[in-house]
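Note sheet for the following structure.
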Amino acid sequence: MVEHKRKTAFLFPGQGSQYVGMGKDFYAHFKEAQELFNQASEILGFDIPSLCFHGKQEELNKTSLCQPAILVTSLAILEVLKRNPAMNENGCCATAGLSLGEYTAHVAAGSMDFRNAVRLVYQRGLFMQDACNANSGGMVSVIGLEDEKVEQLCAEMTPMGVLCAANYNSPGQVVISGEKALLEKASVLAKERGARMVVPLKVDGAFHSNLMTPASDKLARELESTPITKPNIPVVANISARYVREPGEIKASLTKQLNSPVRWHQSISLLIQDGCNQFYEIGPGKTLSGLMKRIDATQKTKSIDTIEAFENIGKL
């Protein structure tokens with residue numbers, strides 16, 4: 001049987017994947033990982049290793065803290081991965097990240113440097129936290145209902161306030177975002193219309209909805225003064241599920257991402273359509289590997305957030 005050439009894509013997780021202890025074994029065993037964690041502490045003025053390895057989960061869950069923490073953990077693991085000959089055999093042909101993970105994808109692709117990314121995602125988290133404090137909202141995962149039915153539901157409720165489809169995670173799993181009262185009504189309606197499950201998410205606010213517009217406006221100003229270059233490898237943008245290549249286009253997509261839906265399963269479909277057939281989820285948790293099973297269970301996917309997974313990398 002002919003072995004098809006592997007085309008590898010790197011995937012990076014977003015907020016919600018954080019856990020106390022993430023990246024600890026990489027930090028303990030690899031100088032490259034130590035350097036990145038320590039550099040991030042210098043940039044931000046607080047102890048990132050302590051937060052990630054020994055902090056309280058409630059503290060790590062804060063939007064402004066978990067965003068740089070996840071980014072740094074993912075990039076520290078990536079630095080270690082670059083040492084592995086099995087990784088360098090095929091190289092990486094494209095990269096994508098879920099929400100916050102899109103920043104990690106840009107660092108991996110060379111369009112943004114580490115220092116600027118750490119600073120930006122910390123600011124992004126602060127802006128999002130401010131927007132949450134000003135307009136409390138929430139997010140609910142609707143499972144077992146087609147995208148169109150979820151969109152129709154949101155459209156019906158829009159005259160009453162802010163409610164939208166925020167994350168297209170996998171076919172049959174859409175996260176809706178908006179005002180809490182509307183989310184409660186929408187949850188009841190979704191169940192009536194055939195949703196298998198409706199699960200409120202543990203997040204501070206209505207991410208990827210119009211309630212994040214104040215955060216998006218502030219982020220636009222930060223991005224304006226941030227040096228961004230053309231990526232060395234293609235990066236898929238959340239808002240369009242298309243590749244972004246020009247610096248202006250990258251800045252616009254990252255700005256709009258805060259108050260626009262994340263088209264994750266469409267992004268993965270693009271990569272598969274373009275021949276990617278080997279995926280590495282690099283960073284804390286296994287969320288993206290779980291979503292891949294529902295998007296296309298035939299794809300080879302490996303989640304790398306421990307040294308054990310790193311050592312078994314050749315077994316994908």
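A few comments on the model shown:
- Selection count, the range 136-171, where residues are over 24 Å from Gln266 (Cα atoms), open to solvent by less than 30 Å² (accessible area, probe 1.4 Å) and touching a residue at least 40 places away in the same chain (Cβ under 8 Å): 1
- Test result for Lys293, of a type outside the set (Phe, Trp, Tyr), within 22 Å of Arg6 (Cα to Cα), surrounded by fewer than 16 Cβ atoms within 10 Å (Cβ to Cβ) and at pLDDT below 95: no
- Selection from the range 114-129 of residues that are in contact with a helix residue (DSSP H, G or I) (Cβ under 7 Å, 6 or more places away or on another chain) and open to solvent by 10 Å² or more (accessible area, probe 1.4 Å): Phe114, Arg115, Arg119, Tyr122, Gln123, Leu126, Phe127, Gln129
- Scanning the range 172-182 for residues that are in contact (Cβ under 8 Å) with a residue 40 or more places away in the chain and open to solvent by less than 10 Å² (accessible area, probe 1.4 Å) turns up Ser177, Gly178.
- Residue count for the range 275-301 under the criterion of being assigned to a strand (DSSP E or B) and more than 21 Å from Ser99 (Cβ to Cβ): the result is 2.
- Across the range 302-315, the qualifying residues are those that are in contact (Cβ under 8 Å) with a residue 40 or more places away in the chain and in a helix (DSSP H, G or I), and the one among them that is surrounded by the fewest Cβ atoms within 10 Å (Cβ to Cβ) is Gly314.
- Restricted to helices (runs of 4 or more DSSP H) entirely inside the range 1-56, no element has at least 2 residues that are out of contact with any helix residue (DSSP H, G or I) (no Cβ under 7 Å at 6 or more places or on another chain) and open to solvent by less than 20 Å² (accessible area, probe 1.4 Å).
- The single condition from (1) touching a residue at least 24 places away in the same chain (Cβ under 8 Å); (2) open to solvent by 30 Å² or more (accessible area, probe 1.4 Å); (3) not in a helix (DSSP H, G or I) that Glu222 fails is (3).
- Residue in the range 235-256 that is surrounded by the fewest Cβ atoms within 10 Å (Cβ to Cβ), counting only those that are of a type in the set (A, V, I, L, M) and part of a loop (DSSP other than H, G, I, E, B): Ala241
- Residue among Asn232, Asn259 that is surrounded by fewer than 17 Cβ atoms within 10 Å (Cβ to Cβ) and outside any helix (DSSP H, G or I): Asn232
- Residues that are open to solvent by 50 Å² or more (accessible area, probe 1.4 Å) and either touching a residue at least 12 places away in the same chain (Cβ under 8 Å) or under 22 Å from Ala166 (Cα atoms) (or both) are absent from the range 97-112 altogether.
- Taken together, the criteria exclude Arg221 from residues that are within 21 Å of Cys92 (Cβ to Cβ), modelled with pLDDT of 95 or more, over 14 Å from the mean Cα position of the chain (by Cα) and among the basic types (Lys, Arg).
The values are calculated or read from the model by the stated rules, or taken from the named source; none is laboratory data. Here the structure is a predicted model, which is why all the values come from computation and not from measurement. Positions of Cβ are generated from backbone atoms using ideal geometry, with glycine treated the same way; all protein chains shown enter the neighbour counts. For the accessible areas, the whole protein counts, side chains as well, though only heavy atoms, and no ligand, DNA or RNA atoms are used. Shrake-Rupley method; radii C 1.70, N 1.55, O 1.52, S 1.80 Å.
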